[in-house]
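The values are calculated or read from the model by the stated rules, or taken from the named source; none is laboratory data. Note that this is a predicted model, so its numbers are computed, not measured. Virtual Cβ from ideal backbone geometry, glycine too; neighbours counted across all protein chains shown. Note: areas computed on protein heavy atoms with side chains; ligands, DNA, RNA excluded. Shrake-Rupley method; radii C 1.70, N 1.55, O 1.52, S 1.80 Å.
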Amino acid sequence: MQHQMVMIIDFGGQYNQLIARRVRECGVYCEVIPYRKASIESIKEKNPVGIIFTGGPNSVYLENSPGISKEVFELGIPVLGICYGAQLMAYLLGGKASTAPTSEYGKTDTEFDCSSVLFDDLPARAVTWMSHTDYISQLPEGFRVTAHTAVCPVAAMENAERKLYAVQFHPEVNHTENGSRMLHSFLYGVCGCTGDWTMENYAQTSIARIREKVGDGRVLLALSGGVDSSVCAALLSKAIGSQLTCIFVDHGFMRKNEGDEVEEAFKDWNVNFVRVNAKDLFMSKLSGVSAPETKRKIIGEEFIRVFEAEAKKIGKVDFLAQGTIYPDIIESGAGDAAVIKSHHNVGGLPDHVDFKEIIEPLRLLFKDEVRALGTTLGLSDKLVWRQPFPGPGLAIRIIGEITDERLEILKDADWVFRDELAKCGLDRQISQYFAVLTTMRSVGVMGDGRTYDYTLALRAVTTTDFMTADFARIPYDVLERCAVRIVNEVKHINRIVYDITTKPPATIEWE
Ligand code: XMP
């Protein structure tokens with residue numbers, strides 16, 4: 001694809017993906033490359049318009065610390081070093097980095113020299129986000145200081161002539177005031193970026209590429225109804241129309257009406273859409289099963305079997321498409337053993353489907369870009385803003401055995417919870433929210449009668465990576481409305497609790 005590229009060289013910093021997202025938000029395409037793979041040859045080959053060094057947990061002056069050839073500064077390509085990357089730049093160019101007498105962590109008052117292109121038009125004093133125990137203690141030759149704090153004499157430095165810039169703080173973190181503007185200035189004011197990374201462009205070039213690759217071949221996609229596979233389906237459909245077959249295995253554990261919504265969403269698209277209603281099959285396999293892991297395993301295996309059986313009816317396909325996205329394939333610069341997370345939307349590739357090659361048209365995109373692409377392609381907000389949903393669906397949100405009655409209760413209660421959060425606009429602020437049917441029953445009173453019914457748990461979390469999560473601070477009056485409505489509108493629930501555990505120690509899902 002013909003667009004400018006910025007290379008982010010990762011030295012193991014915790015914010016590597018955040019830097020990449022900020023750059024993309026500026027309309028500039030970038031890739032995150034682990035420092036071990038950033039040889040001078042590979043940099044020349046990729047021909048970036050700019051390079052950003054990330055932070056990292058090490059000290060540059062220690063043996064075996066992550067590094068890079070100092071030839072990188074001779075290529076004429078602008079470089080911005082952040083935190084460890086700033087110290088590395090100073091160190092490699094003959095300056096010094098050493099342990100700071102006082103480390104800085106968190107929001108820090110910083111003074112800027114606004115004659116620097118990075119801080120042009122910004123206030124001379126602002127808060128930055130710091131996280132360092134080392135600092136630049138001596139400037140390399142040809143550099144000047146462009147920011148400092150009370151205890152950090154070189155909070156930013158530059159050699160404008162050579163287009164080399166460094167900041168000790170983290171401009172990518174929201175707590176740094178104007179941080180995005182500083183990155184924008186580096187990209188546009190120093191690297192000469194033109195902002196050619198837009199989802200309209202991406203859609204067009206990607207469609208052309210898919211057409212070229214697929215030719216008159218046939219493509220098969222397992223559609224889960226989630227954001228990634230839906231956008232993947234939409235993109236492929238625009239590119240190759242009826243050469244695409246989407247198989248949507250409806251295991252019956254989708255949220256209320258969701259199976260129909262997915263089918264409806266693709267009704268007017270030029271694709272072969274196959275919906276397999278397999279609820280009865282899944283329910284029969286799960287009859288009497290209550291252990292969470294067994295439930296998951298049965299559902300995962302059965303899903304593949306149903307998909308395979310359906311795919312066999314189609315016969316040989318040339319490509320199997322997957323909705324893999326960029327965070328799934330980014331390799332971190334930290335640690336010596338590179339771990340690449342493999343990701344399969346359907347929980348494992350089918351063994352018996354005959355195909356030549358896998359295509360992954362979303363593999364360059366972050367989640368927010370996938371959503372933007374979905375909107376560009378004309379998918380509804382409902383589909384594009386769908387929250388993450390586990391493959392086994394509501395089956396792991398009913399504690400213990402799944403019965404038809406329990407499934408219906410949970411679908412209805414979960415729907416009310418979602419409806420209330422959407423009404424007060426919390427739905428886009430909370431990362432994931434759902435109801436869980438505990439199969440505990442307790443005594444209640446309704447009207448003049450005693451009830452003995454289920455307890456429903458509400459779960460809502462905020463998180464960026466789903467590896468750790470905090471419970472969402474939903475206002476009490478919203479929780480109250482949810483409780484009142486659910487108990488009134490859904491039979492067999494007489495008690496509602498709100499889950500206030502973080503992850504860890506709890507997980508997001510209950511099973
Ligand atoms: P936990 O419960 O492990 O969940 O804290 C983290 C995130 O992963 C989702 N999740 C799954 N997603 N297949 C999926 O595709 C699964 O089997 C699965 N289990 C959990 C969960 O909803 C949360 O977003």
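Here is the figure for the stretch 381-392: residues that are open to solvent by 60 Å² or more (accessible area, probe 1.4 Å) and not hydrophobic (A, V, I, L, M, F, W, C) total 2.
Taking the stretch 172-230 as the range and being at pLDDT below 95, in contact with a strand residue (DSSP E or B) (Cβ under 7 Å, 6 or more places away or on another chain) and open to solvent by 20 Å² or more (accessible area, probe 1.4 Å) as the test, only 175 passes.
Yes/no per residue for (1) in contact (Cβ under 8 Å) with a residue 24 or more places away in the chain; (2) in contact with a His (Cβ under 8 Å, 6 or more places away or on another chain); (3) of a type in the set (Val, Ile, Thr):
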| site | (1), (2), (3) |
| --- | --- |
| 387 | yes, no, no |
| 393 | yes, yes, no |
| 418 | yes, no, no |
| 421 | yes, no, no |
| 431 | yes, no, no |
| 436 | yes, no, yes |
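Kindly indicate whether any position in the stretch 307-315 is part of a loop (DSSP other than H, G, I, E, B) and surrounded by 16 or more Cβ atoms within 10 Å (Cβ to Cβ). Let's see the steps before the verdict.
Pass one, the stretch 307-315, residues part of a loop (DSSP other than H, G, I, E, B): 315.
With the extra rule that they be surrounded by 16 or more Cβ atoms within 10 Å (Cβ to Cβ), the set shrinks to none.
No, the stretch 307-315 contains no residue that is part of a loop (DSSP other than H, G, I, E, B) and surrounded by 16 or more Cβ atoms within 10 Å (Cβ to Cβ).
Of the residues making up the stretch 238-247, those that are open to solvent by 10 Å² or more (accessible area, probe 1.4 Å) and in contact with a Leu (Cβ under 9 Å, 6 or more places away or on another chain) are 238, 243, 245. Taking the residues in the stretch 68-111 that are open to solvent by 20 Å² or more (accessible area, probe 1.4 Å) and charged (D, E, K, R) as candidates, determine which candidate is nearest to the chain's Cα centre (by Cα). Ranking the qualifying residues of the stretch 68-111, first place goes to 107.
Examine the stretch 46-65 for a residue that is basic (Lys, Arg) and more than 17 Å from residue 197 (Cβ to Cβ), and state whether such a residue exists. Talk me through it step by step, then tell me what you get.
At the first step, the residues of the stretch 46-65 found to be basic (Lys, Arg) are 46.
Now restrict to residues that are more than 17 Å from residue 197 (Cβ to Cβ): none.
Within the stretch 46-65 (the criterion being basic (Lys, Arg) and more than 17 Å from residue 197 (Cβ to Cβ)), the answer is no, since none of the residues qualifies.
In the set (1) more than 26 Å from residue 76 (Cα to Cα); (2) open to solvent by 10 Å² or more (accessible area, probe 1.4 Å), the condition left unmet by residue 144 is number (1). Meeting the requirement of 2 or more residues that are of a type in the set (Ser, Thr, Tyr) and either within 16 Å of the ligand (Cβ to nearest atom) or open to solvent by less than 80 Å² (accessible area, probe 1.4 Å) (or both), the strands (runs of 3 or more DSSP E) wholly within the stretch 393-511 are 432-446, 449-462. Screening the candidates 190, 219 for the property of being more than 26 Å from the chain's Cα centre (by Cα) and more than 20 Å from residue 386 (Cβ to Cβ) yields one hit, 190. Taking the numbered list (1) over 19 Å from residue 186 (Cβ atoms); (2) among the hydrophobic types (A, V, I, L, M, F, W, C); (3) surrounded by fewer than 22 Cβ atoms within 10 Å (Cβ to Cβ); (4) touching a residue at least 24 places away in the same chain (Cβ under 8 Å) in turn, residue 152 passes all entries but (3).
Does the stretch 49-67 include one or more residues that are outside any loop (DSSP other than H, G, I, E, B) and surrounded by fewer than 22 Cβ atoms within 10 Å (Cβ to Cβ)? The answer is no, given that none of the residues of the stretch 49-67 is outside any loop (DSSP other than H, G, I, E, B) and surrounded by fewer than 22 Cβ atoms within 10 Å (Cβ to Cβ). Can you tell me how many residues in the stretch 112-128 are surrounded by 22 or more Cβ atoms within 10 Å (Cβ to Cβ) and not in a loop (DSSP other than H, G, I, E, B)? So the count comes out to 2. Scoring residue 263 on the criteria (1) in contact with a strand residue (DSSP E or B) (Cβ under 7 Å, 6 or more places away or on another chain); (2) under 17 Å from residue 359 (Cβ atoms); (3) charged (D, E, K, R) leaves a single failure, condition (2).
Taking the stretch 284-336 as the search range and keeping residues that are among the small types (Gly, Ala, Ser) and within 16 Å of the ligand (Cβ to nearest atom), which one is farthest from residue 247 (Cα to Cα)? Reasoning before the result, please.
Taking the stretch 284-336 first, the residues among the small types (Gly, Ala, Ser) are 284, 287-288, 290-291, 300, 309, 311, 315, 321, 323, 332-335.
Right, trim to within 16 Å of the ligand (Cβ to nearest atom) and you get 291, 300, 323.
Values: 291: 29, 300: 16, 323: 14 Å.
Within the stretch 284-336, the match that is farthest from residue 247 (Cα to Cα) is 291.
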